[in-house]
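Below is one structure; the comments refer to it alone.
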Amino acid sequence: MSLRTKLILLALVPLLVVTAIFSVVTLHQGNMLTKRELQTFEQNLRRSKETALKDYVSIMRIAIEFIRENSANEAEARAKVVALMQKASFSDDGYFYAYTKDGLNLVHAAQPELVGQDLYDFQDSSGNYLIRNLLKIAANGGGYYQYLWQQPSTGNEVDKVGYVEQIEDWQWMFGTGLYIDDIAAEMLLIEAGVDANIKQTLLAILIALMASIGVVVTAAILFNVHEHRLADQNLKELSHKTVQHQEEERRRVSRELHDGINQLLVSVKYRLETAMTHIPASDSAARESLMKGGEVLNRAIQEVRRISHDLRPSVLDDLGLLAALNQLLDDFRERSGITMDIDIQPPQSEIAEEVATTLYRIVQEALSNIEKHARASRLTLSLEEDAEGLFLCITDNGVGIVKKDAFTQRGIGLRNMRERVEFLGGEFEVNSRPGSGTRIIASFRQYQA
């Protein structure tokens, strides 16, 4: 038996044992949990149905008030209310009923033969004075009451929960109810569904076990391939860290130039200007010398600012990608004179710093290459966000990439562009033919900070 086979068996045997134990424990705990959850669900279901009963009665009370306000007299209002209750229903067995304070039935949609009967002394099969108790509950402000009543859809006497309230000035008790056997039927359906879910869970465990065995065997076969991929990934991570360190160093040097050397040069410029105010107007040679020195110093300040901006524009850190791109494009337009069609749409989500830096460097390198090599007269740049991600597209009408190797060696180059984008999980594409211009596309599905 080879070492690889022993390793596979060593991985599979514990997996089989653990899966068997897990299946037994899952089945046992699933049954216990099902009983508790069904009990809780039944209570919640009954509570929700009782709440629904109260809502139905409240809706009917609102309708009664509306009818009373829009009726010519009380007799007309009572007749309309009786007609409304007789017609109103909310399920096969859901109806309204109404009684006077003496137990005379006024409305019973399911059993109209009871209308007009005195049911004050009516008792259900368990001996409860049903109407008396309902009248008492309504007189005390309304509430719930459980009793036995004939179910219209089946004709059988079953448990029912009613909710009643009172119309004070009419001395009417009205309400509605639900049959509890409906809840029992729903619970049986739910229990059957839970049992089916448990069976599906056990089947899923078996499928997962078979899949795990397949994964173990496949992993053993592809072990060498994995090692090569791991080494390649480590190399990419190293390259990415190098780029990160480069960006950090550029940021540091840029800040040093901007906040250090540039400030010193500005200070010297102010001193020269101050010195000029103390030189007599008659000393034209000295004033001219100082003016020329100031001009040279001003060019030095502008050059330091340019170098600082090229290394790491402060606006990228301070105001974000869009402001940095707009500044970069404005500078390019003034410098090159190339016609530009720009469509930059502000993303809805904040862009991660690494993605923003990568997009900026791609645009920076692309503009540099267009200016130096493309001999283009028009440039189109778009940055937009949609449901699939963030897309950057740069197109020029120049000569295209004639010497690819020479082109990719300049700046970060196409290869480094691609590596930067793909390391962050994006996609990079270059389309170019000699004489037909070049199109660069970079897209990121995951780019939020």
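The values are calculated or read from the model by the stated rules, or taken from the named source; none is laboratory data. Predicted model only: the values in this text are computed from it and were never measured. All Cβ positions, even for glycine, are placed from backbone atoms using ideal geometry, and neighbour counts span all protein chains on display. Accessible surface areas use protein heavy atoms only, side chains included; no ligands, DNA or RNA. Shrake-Rupley method; radii C 1.70, N 1.55, O 1.52, S 1.80 Å.
Observations, loosely collected:
- Fully extended contour minus Cα-Cα distance, from Val268 to Gln111, at 0.36 nm per residue: 46.1 nm
- Computed label-point distance, nm, for sites Asp159 and Val24 using a 7 Å Cα→Cβ extension: 3.8
- Exposure ranking of His373, His278, His108 by accessible area [1.4 Å probe, largest first]: His278, His373, His108
- With the simple model of a label 7 Å out from the Cα in the direction of the Cβ, Ala211 to Arg433 spans 4.6 nm.
- Scoring 413-425, 52-64 by mean Cβ neighbours within 10 Å over their residues and listing the highest first yields 413-425, 52-64.
- Computed 3J(HN,Hα) for the stretch 322-337, one whole-Hz value per residue from the Karplus formula 6.51 cos²θ - 1.76 cosθ + 1.60 where θ = phi - 60°, is 4, 5, 5, 5, 4, 5, 4, 5, 4, 4, 5, 4, 5, 7, 9, x, glycine and proline marked x.
- FRET E, pair Thr40, Ala204, Förster distance 30 Å, beta-carbon r, rounded to 0.05: 0.75
- Extension gain, Asp195 back to Cys393 (0.36 nm per residue minus Cα-Cα distance, nm): 65.8 nm
- Shape category assigned to the stretch 7-121 from the gyration tensor of Cα positions, a/c cut at 1.5: prolate
- Percent accessible area from carbon and sulfur atoms, the stretch 27-72, protein chains only, probe 1.4 Å: 55
- Treating r as the C-beta distance of Arg61 and Ser289 and R0 as 60 Å, the FRET efficiency rounds to 0.05.
- Per residue, the accessible area of the stretch 56-187 comes to 49 Å², computed with a 1.4 Å probe over protein heavy atoms only.
- FRET efficiency for His278 and Ile221, using Cβ-Cβ distance with R0 set to 56 Å, rounded to 0.05: 0.05
- Solvent-accessible surface of the stretch 269-369, averaged per residue with a 1.4 angstrom probe and all protein chains in place: 56 square angstrom.
- The stretch between Thr100 and Ser126 holds 7.0 nm of extra length on full extension. This uses 0.36 nm per residue minus the Cα-Cα distance.
- Using a probe of 1.4 Å on the protein chains alone, the accessible area found for Thr201 is around 60 Å².
- Largest accessible area first, the listed residues Arg46, Arg335, Arg433 line up as Arg433, Arg335, Arg46 when surface is computed with a 1.4 Å probe on the assembled protein chains.
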